[in-house]
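A.B. asks: The following block contains the structure, expressed as structure tokens.
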Amino acid sequence: YIKTLEDVDSALNEPPLFSSQAQDAIKYLAFMADYEHLFVTALGMYDFPTARAVAKYSQMDPKVYLALLRRYRSLPKYYGQYEVDVKLLRHECALRNLVKSFEVAETCTDPATEEVLSNSFDDCLGLIEKYELHKLALELFSDRKLCHRILQSLGDSLSRDRKYELALSVFMSIDPVDTARAMAAARACGDWRAYFSLREENRNAELEAFHAKSIADEFVLKAESSFDKRKLYHTAAQIALDYASDAGMAVECLMQAKMWDECYRVATMNSLPTGRCVEAAVAFAHDTIGDLEERSNIFKVKAARFDVIVQLRKQAIEAGEAEHFDEVAMTTVNDTDSLFSTTSTTASNASAR
């Protein structure tokens, strides 16, 4: 209704939105929402005349709102709307308008206008990176080179967040593949297959600095402080054998991984002594047997103790003292005396057979 007042007969000698009718309408709306909300709503509709009228009737400071509205109206259409969206924290709308402003600037031929519209793709990319709007940006831009830069930015953002596997997927999806970034992400996430595939396809002086043996050494260092030692040592052995041609290192890593058959096979194929493989396997077998015998004895003792507790509890139930018995049992038996914790520990080492 307020917007229709703009069509009022010009004989009123006053702007329609500043007429008594408009004032009454705005005051009526203010019963349902405060003036600040009305001002923000009008601003969000890019309706600067209505925003000015609301501000006037709400007794806002003219020094604030007049300068603000004057700036928005002086800007090109889409860039002005972009600034409104930024102020209202509507980041997706801001990007849409900034992209439209950029496209207008790209197609504009009037030098004077072009100077006013001078916002670049870097401005768009800055907004994209600041508010992580990469998905929307890929929908808005169709130019291949610009999409390439957006994907690079997305991959860099994921790398900074230590999401290296996702970053690798993004860099690999770029056409052509962003080799340097993809290799860095592959190395960071431990995807050595992708790393060496990229290295083989794109050899140069810079990439040669990343030697296969140094990669294998990295996996060895990780294995020393990891719970998944077997997998990491096996990976180091594969890299040393396939890419560093270091069968000796591969054998050592396989011994650390307790992969005796593979260790013996690699040593035999490369004419290396197999005695150490056999000796290490036999020593490990003796240690394991001793450990299992010790665990078996501990299990028997704890199983017997548990059997006694079961019998005592049955007697306590018959005597009506089950609750008192449970309280005493809880204070005298700790977690390490539990039969079930013993069985689970033994089961977890079943692979040692």
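The values are calculated or read from the model by the stated rules, or taken from the named source; none is laboratory data. Nothing here was measured: the structure is a model prediction, and the numbers come from that model. Here the Cβ positions follow ideal geometry from the backbone for every residue, glycine too, while neighbour counts run over all protein chains shown. The area values use the complete protein model at the heavy-atom level, side chains included, leaving out ligands, DNA and RNA. Shrake-Rupley method; radii C 1.70, N 1.55, O 1.52, S 1.80 Å.
A.B. asks: Of everything in the range 124-158 that's of a type in the set (Asp, Glu) and part of a loop (DSSP other than H, G, I, E, B), which residue is surrounded by the fewest Cβ atoms within 10 Å (Cβ to Cβ)? Walk me through it before giving the result.
C.D. replies: Just the residues of the range 124-158 that are of a type in the set (Asp, Glu), to begin with: 129, 132, 139, 143, 156.
Filter again for part of a loop (DSSP other than H, G, I, E, B), leaving 132, 143.
Values: 132: 14, 143: 11.
The selected residue is 143.
A.B. asks: Something else: Let me spell it out: the conditions are (1) under 30 Å from residue 51 (Cα atoms); (2) at pLDDT below 90; (3) of a type outside the set (S, T, N, Q); (4) surrounded by 14 or more Cβ atoms within 10 Å (Cβ to Cβ), and residue 115 meets all of them except one. Which number is the exception?
C.D. replies: Of (1) under 30 Å from residue 51 (Cα atoms); (2) at pLDDT below 90; (3) of a type outside the set (S, T, N, Q); (4) surrounded by 14 or more Cβ atoms within 10 Å (Cβ to Cβ), only one is false for residue 115: (4).
A.B. asks: Considering each residue of the range 231-242, count those that are surrounded by 19 or more Cβ atoms within 10 Å (Cβ to Cβ) and farther than 17 Å from residue 213 by Cβ, and give that number.
C.D. replies: Residues in the range 231-242 being surrounded by 19 or more Cβ atoms within 10 Å (Cβ to Cβ) and farther than 17 Å from residue 213 by Cβ: 0 in total.
A.B. asks: Same structure again: Working only within the range 118-167, note down all residues that are touching a Phe, Trp or Tyr at 6+ places or on another chain (Cβ under 7 Å), touching a residue at least 12 places away in the same chain (Cβ under 8 Å) and over 23 Å from residue 76 (Cβ atoms).
C.D. replies: 150, 155
A.B. asks: Sort through 306, 299 and tell me the only one that's more than 28 Å from residue 253 (Cβ to Cβ), open to solvent by 50 Å² or more (accessible area, probe 1.4 Å) and modelled with pLDDT of 90 or more.
C.D. replies: Just a single option satisfies the conditions, and that option is 299.
A.B. asks: Any residue at all in the range 176-195 that is farther than 27 Å from residue 236 by Cβ, surrounded by fewer than 17 Cβ atoms within 10 Å (Cβ to Cβ) and out of contact with any Ser or Thr (no Cβ under 8 Å at 6 or more places or on another chain)?
C.D. replies: Yes - at least one qualifying residue is present in the range 176-195.
A.B. asks: A further question on this structure: Under 9 Å between Cβ atoms, at least 6 apart or on separate chains: pull out the pairs that start in the range 172-188 with a residue that is within 22 Å of residue 216 (Cβ to Cβ) and end on any residue that is open to solvent by 20 Å² or more (accessible area, probe 1.4 Å) and in a loop (DSSP other than H, G, I, E, B).
C.D. replies: 179/202; 180/202; 180/206; 183/202; 183/210; 185/191; 187/210; 188/162
A.B. asks: Please count how many residues of the range 70-107 are farther than 25 Å from residue 131 by Cβ and either open to solvent by less than 30 Å² (accessible area, probe 1.4 Å) or small (Gly, Ala, Ser) (or both).
C.D. replies: If we filter the range 70-107 for residues that are farther than 25 Å from residue 131 by Cβ, which is where we start, we get 70, 73-74, 107.
Those left that are additionally either open to solvent by less than 30 Å² (accessible area, probe 1.4 Å) or small (Gly, Ala, Ser) (or both): 74.
Matching residues across the range 70-107 total 1.
Yes or no, residue by residue, for (1) in a helix (DSSP H, G or I); (2) surrounded by 12 or more Cβ atoms within 10 Å (Cβ to Cβ); (3) of a type outside the set (S, T, N, Q); (4) touching a residue at least 12 places away in the same chain (Cβ under 8 Å):
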position: 213; (1), (2), (3), (4): yes, yes, yes, yes
position: 219; (1), (2), (3), (4): yes, yes, yes, yes
position: 227; (1), (2), (3), (4): no, no, yes, no
position: 244; (1), (2), (3), (4): no, yes, yes, yes
position: 250; (1), (2), (3), (4): yes, yes, yes, yes
position: 266; (1), (2), (3), (4): yes, yes, yes, yes
position: 276; (1), (2), (3), (4): yes, yes, yes, yes
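A.B. asks: So which residues in the range 60-71 are out of contact with any Lys or Arg (no Cβ under 8 Å at 6 or more places or on another chain) and in contact (Cβ under 8 Å) with a residue 24 or more places away in the chain, if there are any at all?
C.D. replies: Correct list: 60 only.
Residues are listed down the side, and each one gets a yes or a no for (1) at pLDDT 90 or above; (2) assigned to a helix (DSSP H, G or I); (3) not acidic (Asp, Glu):
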site: 43; (1), (2), (3): no, yes, yes
site: 49; (1), (2), (3): no, yes, yes
site: 52; (1), (2), (3): no, yes, yes
site: 60; (1), (2), (3): no, no, yes
site: 63; (1), (2), (3): no, yes, yes
site: 78; (1), (2), (3): yes, yes, yes
site: 81; (1), (2), (3): yes, yes, yes
